[in-house]
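For reference, the structure is listed below as structure tokens.
The values are calculated or read from the model by the stated rules, or taken from the named source; none is laboratory data. Because the structure is a prediction, the values reported are computed rather than measured. Here the Cβ positions follow ideal geometry from the backbone for every residue, glycine too, while neighbour counts run over all protein chains shown.
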Amino acid sequence: MTDLEWEQLLHNSPAKAYEALIEQYGNLIYAIVFNKIGSCGSKEDIEDCVSDIMVEFFKNIGNFSSRSGSLKSYISTIAKRRAIDAFRRISGRNNMCLDIEDEDIVIPPASDDTEKEVEKRIFKQNLWNIVKSLGEPDSSIIVYQYFYNYKVRDIAKILEMTTEAVKKRSLRARKKIGTILRNGGYYE
């Protein structure tokens, strides 16, 4: 459905337009929110944020026009802003939040760490930086697959890709990570 068709549907039947919006962009909105607050928020926090995004979108529907930009970018912008707000709110009550887009994340060693433990922490930090450097959607695929233990079909649904595409991108990303690690590559 094009943006213009969606606008016409909104004019004729707001309820059907809402359903079409959820059908077309629901997974995108969820992925944006999950990427921002999934490391520290509960499933309920994520669902609340997604609901808040939809409410805000429909409260401000008069600000959208298909002539001024795409519906996808408009709703993505709202989603990212609300997810950042939710991240700040949640991280205020939960000190263990980790923002995966934060470039300055450093995992500090505890004072009683042995040399081996410090090396392990440095390796984990380096691995995290390598995963972030892969770019989208590869870094999201690796995060969903190995940090959150999602199945390929669930990742495909969230990222609106085929399962075969997710499998291939995952394989290529893992090979790239392996090559970087074998060559002693570090990302800081």
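Quick notes on this one:
- Residue in segment 173-187 that is at pLDDT below 70, assigned to a loop (DSSP other than H, G, I, E, B), closer than 26 Å to residue 30 by Cβ and touching a Ser or Thr at 6+ places or on another chain (Cβ under 8 Å) present: no
- Any chance residue 44 is within 17 Å of residue 148 (Cα to Cα), at pLDDT 85 or above and outside the structural domain of residue 139 (by TED's automatic domain parsing): yes
- In segment 144-165, the residues that are part of a helix (DSSP H, G or I) and surrounded by fewer than 18 Cβ atoms within 10 Å (Cβ to Cβ) form Cβ pairs under 8 Å with partners that are modelled with pLDDT under 85 and not polar (S, T, N, Q), at six or more places apart or across chains, as follows: 154/144.
- Across segment 106-165, the number of residues qualifying as under 15 Å from the mean Cα position of the chain (by Cα), at pLDDT below 80 and not aromatic (Phe, Trp, Tyr) comes to 1.
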